[in-house]
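A.B. asks: My questions will all concern the structure given below.
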Amino acid sequence: MSAGVGKTYAMLKAAHQKAREGFDVVIGVVETHNRRETAELLEGLEVLPRKKSDYRGTQVDELDLEAVLRRRPDLVVVDELAHTNAPGSRHEKRYQDVLEILEAGIGVYTALNVQHLESRKDSVEAITGIPIRETVPDSVLERAALVELVDIAPTELLKRLKEGKVYLGDQAERAAQNFFREDKLTALREIALRMTAERVDQDLQRLVSVRTQLAPWQTNERLLVCISHSPYSEKLIRATRRLAYNLEAPWVVLHVDTGLVLNDQDQAQLVKNLKLASDLKAEVITTIDTDVPTAVRRICRQKNVTQVVVGRPTRRWFRQFFERGNLLQRLVNETLEVDIHVIRQEGTALIRPKLYDELSYYRSKTGPMKYWTAVGLNIAVGLIGWAVEDLIGYRPVGFFYLLIVIAVGLFGSIGAVIFAATLSAFVWDYFFIPPKMTLLINNADDVLMVLTFFGVALITGFLTHRIRFHERLIRDREERTNVLFESLQDIAGAQEKSEFLKKVADRVGDLLGATCGVLLKTVEGKLAFNEEKSYSPVLSEKDQAVAQWSYEHLKSAGWSTDTLAEANSLFVPLKGGRESVGVFVFQPHNKARKLDLDKRILLRSIASQLGLAIERHFMAKRIAEAKRLLDAEKLHQTLLNSISHEMKTPLTTILGSAAALEHAQGAEDLKEIGAHLHEAGDRLNRVIENLLDMGRLNSGVLALKLEWHDLNDLVHVSVKKNEKTLMKHRVEVEPLGEIPLARIDVRLMEHAITNLLVNAAMYSPPGSGIKVRLKKAKDGFSIEVQDEGPGIPEESVPHIFEKFYRVPGSPTGGTGLGLSIVKTIVELHGGSVEFENQTPHGTVFRIDLVVHQTPQGPPEETTDGKE
């Protein structure tokens with residue numbers, strides 16, 4: 001309930017108990033406040049050194065978060081959970097340090113007073129009359145596995161205060177006169193007891209639900225609170241959170257962006273209010289609408305809200321006149337399907353605002369130029385009126401001045417509109433309404449006309465300003481929507497991430513006035529800062545560390561945040577559906593003003609889409625890599641099966657022939673055995689040559705050794721070398737007469753023709769014919785190998801040149817590499833390979849080669865040395 005009840009003492013005793021149970025316990029930070037009993041409990045426990053920080057010339061000791069994460073104990077003791085860290089620390093609040101420790105898998109013992117709970121802040125301030133500046137979100141308390149109340153009677157606590165066990169000297173006297181009074185302590189004790197009872201009740205409901213194996217009770221209630229940049233919105237958020245907690249109902253915090261231009265102070269307060277709602281685990285919604293009640297009703301229908309919480313409004317006659325009542329009146333009058341809770345306002349919130357403050361609601365950025373423009377227009381209209389007054393009279397001149405107010409409303413602020421209306425009425429009265437050159441008006445009709453003019457001018461100018469205001473709001477919304485739409489188009493239409501990352505970053509940077517980029521993760525799980533194809537601006541080492549932290553913890557960090565705010569850039573994590581893929585880098589051109597809320601929302605939207613798109617590209621690469629590995633595994637298995645069979649057959653022949661040699665009886669037996677050995681060796685040699693050539697061709701390291709050669713000779717040599725393979729077939733060679741030389745790699749081309757001959761022999765029945773023809777083609781010559789085999793089935797045609805592919809039902813023998821090697825060799829020579837089934841049977845394979853101009857031989861010399 002307050003300081004001095006013995007929280008730290010009880011926490012240290014519990015830490016000692018954990019240490020006796022065998023847990024690794026360390027002290028992160030504990031404040032003893034010079035209490036001897038508390039200090040004695042630090043003995044026997046490891047105390048981590050604190051981090052030294054300089055703040056306004058004073059050395060401040062803080063929790064060393066890095067030391068805790070490096071030490072990685074089972075349990076760390078961290079006192080004073082609501083403490084605010086010194087500037088320059090990683091986190092603004094100590095509870096944020098505790099959350100990071102928990103995310104690292106380290107248990108924490110910590111303590112706080114009930115006054116520091118965010119949802120109880122207003123109640124405590126009302127009881128004690130003392131502002132509470134340090135608070136902890138209730139969500140931190142809800143995350144705790146165990147909550148223990150350290151209780152003491154108020155009379156006993158006051159006794160401890162008098163004995164100097166809480167504060168010393170003057171501090172104790174001041175505490176006794178203000179905070180430490182029995183009535184206040186009793187009220188604080190009640191809040192602490194109620195808070196603990198609510199927590200116990202929640203635990204009991206969960207236990208009962210688990211025991212009975214029933215689903216948790218689902219409430220039909222849903223609460224909504226509408227907030228703005230007002231500091232009193234904090235009270236509304238806390239009140240709604242308490243109602244939602246007691247009802248066990250979800251709750252929504254709604255901010256309606258009406259297009260008002262907020263100054264730095266209001267913008268910071270709005271961000272603070274939304275962060276408070278997020279910390280208290282509300283569903284935060286930001287929508288754009290020029291009419292707040294309309295937006296509230298729309299969100300209530302979308303989210304099935306049953307109860308709306310609003311603050312009691314103050315009377316603002318000017319705004320209520322133009323907006324048909326305040327928010328509460330319009331919700332009560334126009335909304336029938338929800339209940340309305342009205343939260344009372346206190347302090348300065350009850351003071352009725354002045355007219356200037358009401359008009360400032362409609363303020364926009366303007367400068368003195370708008371006022372000087374109004375003056376210039378009045379002078380110009382005055383001259384025109386002076387020239388035409390004799391023709392039309394002084395009264396129609398007033399319409400000219402009314403046009404001035406309308407024109408100012410198109411480009412000026414509401415202040416400029418009021419100034420133009422006042423000045424126009426004054427000039428018209430002074431220079432044109434009789435008696436001239438005086439502000440006096442003798443005619444009652446003219447008095448009524450001037451007053452009417454002033455009212456009409458104000459209303460017309462104000463409405464014109466609102467129309468322009470709404471037009472600007474729609475235009476800004478259109479620009480942001482257009483950037484988001486174009487970014488989605490870039491992402492959807494890109495095949496590679498490099499095609500859209502820079503485009504999207506440039507679009508966002510141009511719109512928001514910043515230099516943007518993307519840092520992607522590497523295979524090792526780190527961000528790629530020094531990659532050649534980087535999509536990010538250059539970052540300092542400090543900013544790189546902040547970017548890495550944002551990536552690892554999936555939280556925005558850096559400029560315009562509460563985490564590592566001294567960085568020069570804002571880093572937004574890119575989250576996919578399953579993992580973090582990088583960070584979005586935002587380097588503002590103007591660092592003086594923090595990022596507006598609407599810009600934050602746009603950045604989050606862009607980052608969300610980028611994260612999903614990048615993850616999709618990563619997944620596509622992983623799928624492709626997995627497919628490649630699967631294909632490689634299949635290839636390996638196919639190769640193993642083919643090679644084992646192809647090598648086993650000739651090896652069996654060799655071993656059998658070796659055994660036969662031992663029993664050979666004469667020369668005939670030796671000759672036959674030698675023939676078998678030669679045949680087996682040739683077959684084994686072809687297998688090895690095919691494997692070696694395929695390896696070289698696939699690796700790309702095989703260079704062609706081109707030389708001029710006669711294709712007729714090439715064909716005859718190839719047939720001659722394969723006589724034994726072709727001996728069971730009738731081979732017919734049809735050479736071509738005189739043909740030019742071809743520039744080829746003789747060894748590889750001979751290998752290609754050999755593979756076609758072996759293929760024809762393997763698939764043709766014994767005694768069938770094999771024809772080898774050399775023909776002229778359009779740009780060169782063709783080499784054809786025709787067999788009389790069964791032909792290639794229709795289903796095998798698309799796969800015939802694939803590695804290790806063999807037609808189903810093929811005879812034993814062969815690796816399925818021959819035709820693939822033929823195709824690769826011929827294409828390296830700039831040619832092509834085709835095949836065609838013959839009728840009624842047989843297949844023709846044709847190699848088409850382009851023959852270049854044949855080189856001229858050396859000139860012949862005559863006997864006298866002349867050509």
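The values are calculated or read from the model by the stated rules, or taken from the named source; none is laboratory data. Just so it is clear, the model here is predicted, and its values are computed rather than measured. Counting neighbours? That spans all protein chains shown, and the Cβs are built from the backbone with ideal geometry, glycine included. Calculation scope for accessible area: heavy atoms of the full protein, side chains included, ligands and nucleic acids excluded. Shrake-Rupley method; radii C 1.70, N 1.55, O 1.52, S 1.80 Å.
A.B. asks: Which one, ILE459, ASN442, ILE474, projects farthest toward the positive side of the charge dipole computed for the range 428-480 from Cβ point charges (K/R +1, D/E -1)?
C.D. replies: The residue sitting farthest along the positive end of the dipole is ILE474.
A.B. asks: So which lysines can LYS775 reach, going by Cα to Cα under 27 Å and dropping same-chain residues fewer than 8 places off?
C.D. replies: Reachable lysines: LYS705, LYS720, LYS721, LYS724, LYS728, LYS823.
A.B. asks: Determine the shape class of the range 756-814: with a ≥ b ≥ c the square roots of the Cα gyration tensor eigenvalues, call it rounded for a/c under 1.5, and otherwise prolate if a/b is greater than b/c, oblate otherwise.
C.D. replies: oblate
A.B. asks: Could you give the accessible area per residue of the range 732-825, probe 1.4 Å, as a whole number in Å²?
C.D. replies: 43 Å²
A.B. asks: So, one more: What percentage of the solvent-accessible surface of the range 711-771, computed with a 1.4 Å probe over protein heavy atoms, is contributed by carbon and sulfur atoms?
C.D. replies: Of the solvent-accessible surface of the range 711-771, carbon and sulfur hold 56 percent.
A.B. asks: Would you work out if the range 458-586 is rounded, prolate or oblate? Take a ≥ b ≥ c from the square roots of the eigenvalues of the alpha-carbon gyration tensor; rounded if a/c is under 1.5, else prolate when a/b is larger than b/c, oblate otherwise.
C.D. replies: prolate
A.B. asks: Okay, moving on. In square angstrom, rounded to the nearest 10, how much accessible surface does GLU723 have for a 1.4 Å probe?
C.D. replies: Accessible area, nearest 10 Å²: 90 Å².
A.B. asks: Now for a different question. Under a 5 Å amide H to amide H cut-off, with H placed in plane at 1.01 Å, what residues pair with LEU224 once short-range neighbours are removed?
C.D. replies: Excluding prolines and chain starts, which carry no amide H, the hits are VAL252, GLN307, VAL308, VAL309.
A.B. asks: In whole Hz, what ³J(HN,Hα) sequence does the range 516-527 give by Karplus (6.51, -1.76, 1.60; θ = phi - 60°), x for Gly and Pro?
C.D. replies: 10, x, 9, 10, 9, 7, 9, 4, 6, x, 10, 6
A.B. asks: Once you have a ≥ b ≥ c as the square roots of the Cα gyration tensor eigenvalues for the range 71-139, tell me rounded if a/c is under 1.5, and otherwise prolate or oblate according to whether a/b is larger than b/c.
C.D. replies: Since a/c reaches 1.5 and a/b is larger than b/c, the shape of the range 71-139 is classed as prolate.
A.B. asks: Right, next: How would MET619, MET727, MET437, MET195 line up by accessible area, probe 1.4 Å, largest first?
C.D. replies: Sorted descending by solvent-accessible area, the residues read MET727, MET437, MET619, MET195.
A.B. asks: Full-extension gain between TRP372 and GLU163, please, as 0.36 nm times their residue separation minus the C-alpha to C-alpha distance.
C.D. replies: Going from the current span to full extension adds 68.1 nm.
A.B. asks: Further question on the same structure: Go through the range 783-793 residue by residue and turn each phi into a ³J(HN,Hα) via Karplus (6.51, -1.76, 1.60, θ = phi - 60°); whole Hz please, and just put x for glycine and proline.
C.D. replies: Computed from phi, the couplings for the range 783-793 are 10, 10, 10, 10, 10, 10, x, x, x, 9, x Hz.
A.B. asks: Shifting gears a bit: Roll a 1.4 Å probe over the protein heavy atoms and report the accessible area of GLU784 in Å², nearest 10.
C.D. replies: Estimated to the nearest 10 Å², GLU784 gives 20 Å².
A.B. asks: From the backbone phi of the range 135-149, what are the Karplus-calculated ³J(HN,Hα) couplings (6.51 cos²θ - 1.76 cosθ + 1.60, θ = phi - 60°) in whole Hz, Gly and Pro given as x?
C.D. replies: Karplus-based 3J(HN,Hα) across the range 135-149 equals 9, 10, x, 4, 4, 5, 5, 5, 6, 5, 6, 8, 10, 10, 8 Hz.
A.B. asks: If you stretched the chain out fully between ASP562 and LEU260, how much longer would it get, using 0.36 nm times the residue separation minus the C-alpha to C-alpha distance?
C.D. replies: 106.3 nm
A.B. asks: Right, something else. What percentages, rounded to whole numbers, describe P(r) for the range 39-106 computed over all alpha carbon pairs with 10 Å bin width beginning at zero?
C.D. replies: Taking every Cα pair in the range 39-106, the percentages come to 19, 52, 27, 3.
A.B. asks: Of the listed pairs LYS7/LYS235; LYS275/LYS521; LYS542/LYS594; LYS93/LYS162, which have alpha-carbon separations greater than 30 Å here?
C.D. replies: As for pairs spanning more than 30 Å Cα to Cα, those are LYS93/LYS162.
A.B. asks: Can you sort HIS465, HIS83 by 1.4 Å-probe accessible area, starting with the largest?
C.D. replies: HIS83, HIS465
A.B. asks: Given a Förster radius of 60 Å and the C-beta distance between ALA545 and GLU834 as r, what FRET efficiency does 1/(1 + (r/R0)^6) yield to the nearest 0.05?
C.D. replies: 0.45
A.B. asks: How big is the accessible area of ASP779 in square angstrom, nearest 10, if you roll a 1.4 angstrom probe over the protein chains?
C.D. replies: Surface open to solvent at ASP779 totals about 100 Å².
A.B. asks: Antiparallel as a % of all DSSP beta bridges within the range 1-94, to the nearest 5?
C.D. replies: 50 percent
A.B. asks: For the range 68-209, what are the per-bin percents of Cα-Cα distances with bins 10 Å wide, up to the bin holding the maximum?
C.D. replies: Reading the bins upward from 0: 10, 33, 35, 19, 3, 0.
A.B. asks: Using a simple spin-label model with points 7 Å from Cα along the Cα→Cβ vector, what separation in nm is obtained for ALA626 and LEU706?
C.D. replies: Here the answer is 4.5 nm between the modelled labels.
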